[in-house]
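Below: the structure, in structure tokens.
The values are calculated or read from the model by the stated rules, or taken from the named source; none is laboratory data. What you are looking at is a predicted structure, and each value in this text was computed from that prediction instead of being measured. So basically every Cβ, Gly included, is an ideal-geometry build from the backbone, and we count neighbours across all protein chains shown. All accessible areas refer to the heavy atoms of the entire protein, side chains included, with ligands and DNA or RNA removed. Shrake-Rupley method; radii C 1.70, N 1.55, O 1.52, S 1.80 Å.
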Amino acid sequence: MLNQVLKVKGVSSGYGKVTILRDICFQVAEKEVVAIIGSNGAGKTTLLKTISNLVPATDGDIVFQGKDIVKYHPHIISQLGIAHVQEGGKLFVNMSVYENLLMGTYNNRKHFQKEILDEIYQIFPVLKKRENQLAGTLSGGEKQMLAIGRGLASRPTFLMLDEPSLGLAPKLVDEIYYKLSILKEKGLTILLIEQNINYALQFVERAYVLENGKIVMEGKSSELLKSEHIKRHYLGL
């Protein structure tokens, strides 16, 4: 049985007096690829920010590799091996591709080695071609690849991706998910937040459905694809 990497138990969070997430419970095992799916405004982005403590949890526990990290500062959580690729990438647009990737190696800055970048360039060859180009001048797909590459530069054991397909044309979404499949084959543990339900459920092994700040369904992706609720509310079938 695979080791449990992340366990979220009874977590609630929000902004000020507004509660967004209520009593969230889910888990991710080592080398597993899991999705949190739901419509816009369901609380998916807030969930990842709560795990990273960019939005503090008001209740519950977040256990990563046996440690309760709910009160850890975001930079400490990053140092533990969690990479959070935020929605839209949050790139340094006036810095080059190379400089953005170097920023991603912050946790490894004392031991930075050329092979970290070489590994990223192997997965995303276009970043090698564009390494001296300003991040703000990249195409939408290239920006998303750079955001993922910067996350990988920290050599994470757990990758959290927030809406990697957002705003991209279908052909570019296919390309992004092809690149993600390489990471999946390498055994990287991934938690995927995605509004594009069909892409997500085709990619992951298991998924949780988040609606109005609560998890209302969970199961294997193959089972959820057959669910009448999923078909009706998310796939338009």
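Compute the helix-to-body angle for 170-185: its Cα long axis versus the longest principal axis of the chain, expressed 0 to 90° and rounded to tens.
90
Sort the following peptides by mean Cβ neighbour count (other Cβ atoms within 10 Å, averaged over residues), highest first: 178-187, 22-31. Could you put the intermediate results ahead of the total?
On the way: 178-187: 13.7, 22-31: 17.4.
Highest-to-lowest ranking by the protection proxy: 22-31, 178-187.
Could you please report the charge total around Y178, scoring K, R as +1 and D, E as -1 over all other residues with beta-carbon less than 12 angstrom from its beta-carbon?
Details: positive: K171, K179, K184; negative: D174, E175, E185.
For residues surrounding Y178, the net value is 0.
Among the trypsin sites (Lys or Arg not before Pro) within segment 57-145, which fall in a DSSP loop and have no more than 14 other Cβ atoms within 10 Å of their own Cβ?
Working: sites: K67, K71, K90, R109, K110, K114, K128, K129, R130, K143; in loops: K71, K90, R130.
Hits after loop and neighbour filter: K71, K90.
Within segment 153-237, what percent of beta bridges assigned by DSSP are antiparallel, to the nearest 5? Mind dumping the intermediate values first?
Details: 6 of 11 bridges.
Bridges in segment 153-237 that DSSP calls antiparallel: roughly 55 percent.
Tabulate in residue order the Karplus-calculated ³J(HN,Hα) for segment 14-26, using 6.51 cos²θ - 1.76 cosθ + 1.60 with θ = phi - 60°, rounded to whole Hz; enter x for Gly and Pro.
Each residue of segment 14-26 in turn: x, 10, x, 8, 9, 7, 9, 10, 10, 6, 7, 9, 6 Hz.
Please grab the % of Cα pairs in the chain that end up more than 33 Å from each other.
Values: 4153 of 27966 pairs.
Counting every Cα pair in the chain, those more than 33 Å apart make up 15 percent.
Nearest 5 is fine: what % of DSSP beta bridges in the chain come out antiparallel, could you say?
Values: 23 of 41 bridges.
Taking every DSSP beta bridge with both residues in the chain, the antiparallel ones total about 55 percent.
Where does helix 114-123 land angle-wise versus the long Cα axis of the chain, in degrees 0 to 90, nearest 10?
Around 60 degrees separate the two axes.
Over the chain, give the accessible area per residue in Å² for a 1.4 Å probe, as an integer.
On the way: 11830 Å² over 237 residues.
Value returned for the chain: 50 Å² of accessible area per residue.
Among rounded, prolate and oblate, which fits segment 16-55 when a ≥ b ≥ c are the square roots of the eigenvalues of its C-alpha gyration tensor, a/c under 1.5 means rounded, and a/b larger than b/c means prolate?
On the way: a/c = 2.18, a/b = 1.63, b/c = 1.34.
Because a/c hits 1.5 or more and a/b exceeds b/c, segment 16-55 counts as prolate.
What net charge do the residues around G89 carry, taking every other residue with its C-beta under 9 Å from that of G89, with Lys and Arg at +1 and Asp and Glu at -1?
Values: positive: K90, K143, R150; negative: E87.
Summing Lys and Arg as +1 and Asp and Glu as -1 gives +2.
Can you tell me the equivalent ellipsoid semi-axes for segment 76-187? Use √(5λ) from the Cα gyration tensor, largest first, whole Å. List each step's numbers first, then the result.
Numbers: eigenvalues 77, 54, 36 Å².
Working through the eigenvalues yields semi-axes of 20, 16, 13 Å.
Determine the share of the chain's accessible area contributed by carbon and sulfur atoms, expressed in whole percent, with a 1.4 angstrom probe. Let's see the in-between values first.
Values: 5890 of 11830 Å².
After summing per-atom areas, the C and S share lands at 50 percent.
Checking the table K143/K186; K7/K220; K9/K49 against a 20 Å threshold on Cα-Cα, which pairs fail? Before the final figure, lay out the partial values.
On the way: K143/K186 22 Å; K7/K220 18 Å; K9/K49 16 Å.
K143/K186, as the Cα separations exceed 20 Å there.
Check which residues have an amide H placed less than 5 Å from Q4's amide H, if you skip close sequence neighbours.
Residues meeting the criterion, in which the H sits 1.01 Å from N, are E30.
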